[in-house]
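Below: one structure, written as structure tokens.
The values are calculated or read from the model by the stated rules, or taken from the named source; none is laboratory data. These figures come from a predicted structure and were not determined experimentally. Note that we place each Cβ from the backbone using ideal geometry, even for glycine, and neighbour counts take in every protein chain shown. We work out accessible area using only protein heavy atoms, side chains counted, and drop any ligands, DNA or RNA first. Shrake-Rupley method; radii C 1.70, N 1.55, O 1.52, S 1.80 Å.
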Amino acid sequence: MFSNALTENKRKHEKYEIFYFIFSLMLFTFSFFSYCTFFSLFFHFLSYSPYPICASREPSAMLRVRCTLRGGGGVLLCLHRTAQYRYPSGPERVLTRSLSRTPDSSRVALKLQTRLGVTLLVGVGLLGAWWWVEQEKQQRRQRQRVEQLRTVALGQGTFSLLDHTGHRRTKQDFLGRWVLLYFGFTHCPDICPDELDKLSTVVSALDRDPALPRLQPLFITVDPERDDVAALARYVRDFHPRLVGLTGTPEEVRHAGRDFRVYASAGPKDEDGDYMVDHSVLLYLVSPDGLFLDYYNRTKSPEQIADSIRNHIRNHVPL
Amino acid sequence: MAAPNSAQRKACWDARDQLWQCLDDNNDKIQSCQKFQGDFEANCPAQWVKYFTKRRDFLKYKDKMQREGFTPAEGPQVNS
């Protein structure tokens, strides 16, 4: 099914994403170090040029090593070390000291501030750019997915069924509400109760946010022979209070199932007349326009489903 | 026959879990777990007993595949 193609693409993209992120991180750290060493070297050449011997490659070499070793926080350390350049011993010391104290220290202080400022700015700029590109990519991916689901065009038709209070309901009644729909049957051993529990958890989680519209959970039976109105009323009591169970004649139920391409196949009856109905296990999300937007299988956790629904609600553009 | 309600489902699942725990402890020897088997069959509809038995077999098979891998079936022999 197309879901495999979607997850394949996603995995490929995620792989590239990781490489891209690591690469930009390496680039960033490399520019950090080169910035650090370059400026410290430059500064040394500037201040030491009248004393070529003392100027010596030695301190700057030591500095370079220290810079590389100390890593990211090394910017400050480099700058600190350049401020404390090593004095040559002996009579020259007095000379260098008297000649190069105040202007150098103030220049060091200024350089420190500007260097720090520029580095931070560049760092923040890079991170911000990466984050923005990431957001764009996610939004584009979401739009592509909605487009794909739209071409599949599930849930285009109408249905007319009885709810668990005996009232007739059609698709029109649910327009204007976000609907989370599940097909199952009441004699289901474990899958349907688990999925309906998950559905209840998701709806309760989204109910806790007052800014979001209230979701309408629906349960449509794939076993109309046994699941009449009374059976459904007993069943939906155990789950979310807003859960509405829907049933009808076999023809009506088959029509609703066909709309969502639900697979349902009743198994052989045993001596009690009991049987299992094999069916596809999916939660369907339908928008207030009555269009199928997304589906969630058994591997999706309630948190993932709730996040996905929040995303859909946020990005929803009414027709 | 009405479908099991929430309490009945839970009783069935608990009986099933106890049976499976016993089978895990006794290396799948059904003789050692007759009591739990009896409990399980009393608490669950017949269809569910069959379903859960098959499910356990499937889960063990899946576990075995994941641990030991599998050799794909050989295709039709072609005379080269």
With the requirement that a residue be in a loop (DSSP other than H, G, I, E, B) and either surrounded by fewer than 21 Cβ atoms within 10 Å (Cβ to Cβ) or away from chain B (no Cβ under 14 Å) (or both), what does the stretch A:156-175 give you? A:Gln156, A:Gly157, A:Thr158, A:Phe159, A:Thr165, A:Gly166, A:His167, A:Leu175
As an exercise: evaluate A:Thr221 against (1) more than 18 Å from A:Glu303 (Cα to Cα); (2) surrounded by fewer than 16 Cβ atoms within 10 Å (Cβ to Cβ) and give the number of the one condition it does not meet. (2)
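Could you check, for the stretch A:290-308, whether at least one of its residues is under 19 Å from A:Lys171 (Cα atoms) and either open to solvent by 30 Å² or more (accessible area, probe 1.4 Å) or part of a loop (DSSP other than H, G, I, E, B) (or both)?
Within the stretch A:290-308, one or more residues are under 19 Å from A:Lys171 (Cα atoms) and either open to solvent by 30 Å² or more (accessible area, probe 1.4 Å) or part of a loop (DSSP other than H, G, I, E, B) (or both).
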Would you check which residues across the stretch A:220-247 are within 12 Å of chain B (Cβ to nearest Cβ) and farther than 19 Å from A:Pro189 by Cβ and list them? A:Asp228, A:Ala230, A:Ala233
Filtering the stretch A:180-204 down to residues that are open to solvent by less than 10 Å² (accessible area, probe 1.4 Å) and among the β-branched types (Val, Ile, Thr) yields A:Thr186, A:Val202, A:Val203
Residues that are in contact (Cβ under 8 Å) with a residue 12 or more places away in the chain, within 14 Å of chain B (Cβ to nearest Cβ), open to solvent by 30 Å² or more (accessible area, probe 1.4 Å) and out of contact with any Asp or Glu (no Cβ under 7 Å at 6 or more places or on another chain): does the stretch A:275-286 have at least one? yes
Tally the residues that are among the hydroxyl-bearing types (Ser, Thr, Tyr) and over 15 Å from the mean Cα position of the chain (by Cα), restricting the search to the stretch A:289-319. 3
The conditions are (1) of a type outside the set (S, T, N, Q); (2) within 11 Å of chain B (Cβ to nearest Cβ); (3) touching a helix residue (DSSP H, G or I) at 6+ places or on another chain (Cβ under 7 Å), and A:Val202 fails exactly one of them. Which is it? (2)
Breaking point among (1) in contact with a His (Cβ under 6 Å, 6 or more places away or on another chain); (2) away from chain B (no Cβ under 14 Å); (3) of a type in the set (A, V, I, L, M, F, W, C), for A:Ile313: (1)
Conditions: (1) in contact with a strand residue (DSSP E or B) (Cβ under 8 Å, 6 or more places away or on another chain); (2) of a type in the set (A, V, I, L, M, F, W, C); (3) surrounded by fewer than 18 Cβ atoms within 10 Å (Cβ to Cβ). A:Val317 meets all but one. Number of the miss? (1)
It is to be established whether one or more residues within the stretch A:281-289 are among the small types (Gly, Ala, Ser) and at negative phi. yes
Among the residues of the stretch A:248-265, is there at least one that is over 31 Å from the mean Cα position of the chain (by Cα), modelled with pLDDT of 90 or more and within 14 Å of another protein chain (Cβ to nearest Cβ)? no
